[in-house]
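Everything below concerns the one structure shown next.
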Amino acid sequence: MAENTIQEGNRKSLNFIEQKVENDLAENLNDGRVQTRFPPEPNGYLHIGHAKAICLDFGVAEQYGGRCNLRFDDTNPTKEDVEYVDAIQEDIKWLGFQWANVYYASDYFRQLFDFAVRLIKAGKAYVDEQSAELIAAQKGTPTQPGVNSPFRDRPVGENLDLFFRMNEGEFEEGSMTLRAKIDMTSPNMHFRDPIIYRIIKHPHHRTGTAWKVYPMYDFAHGQSDYFEGVTHSLCTLEFEVHRPLYDRFIDLLTEEVDKAGDGFEKNRVYDNYRPVQTEFNRLNLTYTMMSKRKLLQLVKENVVSGWDDPRMPTICGYRRRGLTPASIRNFIHMIGYTKYDGIVDVAQLEYAVREDLNATAKRVAAVINPVKLILTNYPEDKVETLDSVNNPEDPSAGTHKIAFSRELYIEAEDFMEDAPKKYFRLTPGQEVRLRCSYIVKCTGCKKNEAGEVVEIYAEYDPQTKSGMPESNRKVKGTIHWVSVKHAVPAEVRLYDRLFMVENPSEEKDKDFHELLNPDSLKVLANCFVEEELKQAKPYDHFQFQRIGYFNVDPDSTNGRLVFNRTVSLKDTWSKVKSK
């Protein structure tokens with residue numbers, strides 16, 4: 001990516017946000033401070049798109065010696081819950097970031113209410129008794145000016161009285177709103193007397209029933225930035241059209257702060273200061289739905305097992321699937337930040353995951369579609385202990401012990417009775433190497449009444465043990481195995497893309513249920529893993545040799561391990577897509 005931060009020797013290429021921060025520092029804006037914030041609404045679980053914002057907000061602050069606060073945008077109590085507050089904090093920490101302070105928009109409810117009262121007194125806000133539908137119709141179109149509300153010139157005293165009574169709970173939800181009086185003819189639709197307060201009688205998760213009116217996002221966001229001392233308010237591109245209104249409300253607020261003599265100016269943390277909003281592109285992934293509303297629908301309809309279902313694009317879902325914090329951060333670094341929206345191939349995320357797990361994951365043997373291999377000339381009671389390399393990418397990772405015996409489990413696909421010419425695995429009369437052990441020669445098989453292979457027979461060559469002189473004898477195939485006597489039973493869950501189309505959000509004419517991939521989850525209940533995994537803990541990562549990267553699911557019990565496939569060893573989806 002051209003705009004991504006990269007290293008070329010000692011020269012660093014900055015993305016456009018880093019360049020802006022450096023320019024601001026050079027001009028000593030805001031006294032040379034850098035302060036950002038990550039402001040999620042606690043109405044759901046964070047997804048991979050939020051991870052991009054987290055990496056930017058916390059990364060910029062860290063890079064320039066500043067601070068990043070976590071601020072919950074809790075201005076709509078009907079959708080918010082403490083469960084989401086706790087989950088958001090857990091996800092941020094898991095990604096490897098730590099906030100300077102935790103704030104809430106509700107911390108500023110009194111200041112915001114007082115600011116609204118000042119706007120009413122200055123003739124810059126009024127109470128409107130029209131329905132939301134009528135207000136929207138009166139706003140006009142981008143080419144047609146809006147129509148003034150019949151309540152626009154209501155006397156200041158009456159507006160104040162009604163606003164206070166709105167907050168006392170005298171009026172029903174939807175019966176009244178407070179609107180900023182700006183310009184109903186403005187070419188900017190957001191300036192056409194926007195609603196800044198509405199009535200909500202639902203208890204708030206922090207303030208209870210203390211408030212009956214709640215500020216709208218556009219009114220609360222910039223003012224919260226101001227009260228906290230945020231210097232760089234970083235938002236996704238859909239907020240670019242809101243920026244003029246953001247600036248207008250900051251102008252009005254600073255005017256009130258500058259002229260106040262009654263303590264209102266104490267809301268200001270810093271002098272000679274003004275927050276500035278900058279927008280960057282949001283993250284859209286192929287075969288992925290980011291809409292919180294639709295993700296919630298998937299959860300409620302039990303299409304997925306919950307917010308942390310490994311097919312979900314949530315941070316907790318990715319964590320359960322086996323993605324690592326480093327792989328997500330590296331992926332965000334790869335795609336960078338720009339001023340235009342696009343869609344990123346999910347294969348790039350999977351590439352970042354493979355790169356990280358290849359360097360860190362322990363190699364183990366697992367057989368997910370087992371069939372028994374019997375070495376007919378191997379002593380029945382003999383058990384050998386062999387060394388298996390933990391990670392060839394990391395010599396310091398050492399080795400672990402694996403047991404070898406007469407009866408082994410191998411993958412059913414590693415045997416073919418009537419094999420084509422270039423089949424280099426087990427077939428009658430052909431030799432293969434069993435990983436870390438011996439060369440064996442297939443002598444035949446046994447089938448059940450249905451014609452299915454239930455046992456395979458082979459003879460081993462005792463002179464070909466790995467490390468012995470004869471072990472250098474070349475054979476074209478190597479397969480993995482697990483000793484039957486030492487195998488640990490396991491369930492393996494093979495996850496794939498949740499949607500069948502590249503951009504499900506663009507399929508407006510279809511019910512999104514029609515776009516779901518029926519093969520997004522396959523459960524294999526009759527699998528075996530090597531004894532080394534007996535003590536594996538939830539979220540431990542492994543490479544199942546020749547199969548893919550897996551991690552231990554929290555559903556695991558002492559008697560039965562459950563593994564989730566994180567990613568395959570190679571990108572196979574591109575081949576499927578091209579057919």
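In segment 49-114, the C-alpha radius of gyration followed by the widest Cα-Cα span (Dmax) gives 13.2, 38 angstrom.
Helix 156-167 and the longest principal axis of the C-alpha atoms of the chain enclose an angle of approximately 30°. By its C-alpha gyration tensor, with a ≥ b ≥ c as the square roots of the eigenvalues, how is segment 182-288 shaped: rounded for a/c under 1.5, else prolate for a/b larger than b/c, else oblate? Judged from the Cα gyration tensor, segment 182-288 comes out rounded (a/c under 1.5).
Computed from backbone phi with θ = phi - 60° and the Karplus coefficients 6.51, -1.76 and 1.60, the 3J(HN,Hα) list for segment 492-508 is 10, 10, 9, 9, 9, 4, 6, 10, 8, 9, 5, 10, x, 5, 8, 7, 5 Hz; x is used for glycine and proline.
A 1.4 Å probe run over the protein chains yields, for the chain, 45 Å² of accessible area per residue, whole-number rounding. Helical runs (DSSP H, four residues minimum) scored at -39500 (n - 2.57) apiece and divided by the length of the chain put the mean residue ellipticity at 222 nm at -8000 deg cm²/dmol.
Can you give the FRET efficiency to the nearest 0.05 for D258 and S291, using r as the Cβ-Cβ distance and R₀ = 41 Å? E between D258 and S291, to the nearest 0.05, is 0.45. This structure gives Rg and Dmax of the Cα atoms in Å, computed directly, and of (i) 34.6, 120; (ii) 31.0, 101; (iii) 24.4, 72 that value is listed as (ii).
Across the protein chains, with a 1.4 Å probe defining accessible surface, the residues T376, T360, T427 rank T360, T376, T427 from largest area downward. Our note on the geometry: Cα centres of segment 385-440 and segment 177-243, 63 Å apart.
Quick one: with all protein chains in place, what share of the accessible area of the chain is carbon or sulfur, to the nearest percent (1.4 Å probe)? Display every interim value, and only then the final one.
Details: 12530 of 26280 Å².
The computed percentage sits at 48.
Determine the order of D153, D341 by accessible area, beginning with the largest, at a probe radius of 1.4 Å.
Numbers: D153 130, D341 85 Å².
Putting D153, D341 in descending order of accessible area: D153, D341.
Taking amide hydrogens as placed 1.01 Å from N in the peptide plane, the amide H of L285 sits under 5 Å from those of V344, each at least 5 positions away in sequence or on another chain.
The calculated P(r) of segment 269-368, using every Cα pair and 5 Å bins from 0, goes 2, 10, 15, 18, 16, 14, 10, 6, 4, 2, 1, 0, 0, 0 in percent.
If you plug the beta carbon distance of N358 and E380 into 1/(1 + (r/R0)^6) with R0 = 41 Å, you get a FRET efficiency near 0.60.
Across segment 555-569, computed HN-Hα scalar couplings (Karplus, 6.51 cos²θ - 1.76 cosθ + 1.60, θ = phi - 60°) run 5, 4, 10, 4, x, 8, 7, 10, 10, 9, 6, 7, 8, 6, 5 Hz from first to last residue, x flagging Gly and Pro. Computed with every protein chain present, the accessible area of H221 is close to 10 Å² [probe 1.4 Å].
How high is the relative contact order of the chain, in percent, counting Cα pairs under 8 Å that sit 6 or more residues apart? Before the final figure, lay out each step's value.
Working: 1106 pairs, mean separation 67.5, N = 579.
Taking the mean separation of contacting Cα pairs over the length of the chain, I get 12 percent.
Would you kindly find the accessible area of K20, with a 1.4 Å probe and non-protein molecules such as ligands, DNA and RNA excluded, rounding to the nearest 10 Å²? In the full protein context, K20 sits at about 60 Å².
Between 0 and 90 degrees, the angle of helix 217-228 with respect to the longest Cα principal axis of the chain falls at about 90 degrees.
What full-extension length gain, to one decimal in nm, is calculated for T399 and D345 as 0.36 nm per residue of separation minus the Cα-Cα distance? Mind dumping the intermediate values first?
On the way: separation 54, 0.36 × 54 = 19.44 nm, distance 3.63 nm.
So the chain would gain 15.8 nm between T399 and D345.
Candidate cross-link partners of K510 among the aspartates and glutamates, defined by an alpha-carbon separation under 20 Å and a same-chain spacing of 8 or more, comprise E301, E502, D519. Under a 5 Å amide H cut-off, with hydrogens placed 1.01 Å from N, L561 pairs with E491 among residues at least 5 apart or on other chains. Taking a spot 7 Å from the Cα of T78 along the direction of its beta carbon, which residues of segment 178-193 have an amide N less than 16 Å from it? 178, by backbone N distance to the label point. Computed from backbone phi, the HN-Hα couplings of segment 519-531 come to 9, 5, 9, 10, 9, 10, 8, 10, 9, 9, 10, 6, 4 Hz, rounded to whole numbers (Karplus: 6.51 cos²θ - 1.76 cosθ + 1.60, θ = phi - 60°; Gly and Pro given as x). Using C-alpha pairs below 8 Å separated by at least 6 residues, the relative contact order for segment 165-306 is 19 percent. Applying 1/(1 + (r/R0)^6) with R0 = 41 Å to the Cβ-Cβ distance of N472 and M500, what FRET efficiency is obtained, to the nearest 0.05? The computed FRET efficiency comes out at 0.30. If you take the charge dipole of segment 482-579 about its Cα centre, with +1 on Lys and Arg Cβ and -1 on Asp and Glu Cβ, which of N517, I547, M500 is farthest toward its positive end? With unit charges placed on the Cβ atoms, the residue in question is I547. Just so you know, the averaged projected area of the alpha carbon convex hull for segment 402-445 sits at 3.4 nm².
The values are calculated or read from the model by the stated rules, or taken from the named source; none is laboratory data. The structure displayed is predicted, hence computed values, not measured ones. Please note: Cβ atoms are built from the backbone with ideal geometry, for glycine as well, and neighbour counts cover all protein chains shown. For accessibility, only protein heavy atoms count, side chains too; no ligands or nucleic acids. Shrake-Rupley method; radii C 1.70, N 1.55, O 1.52, S 1.80 Å.
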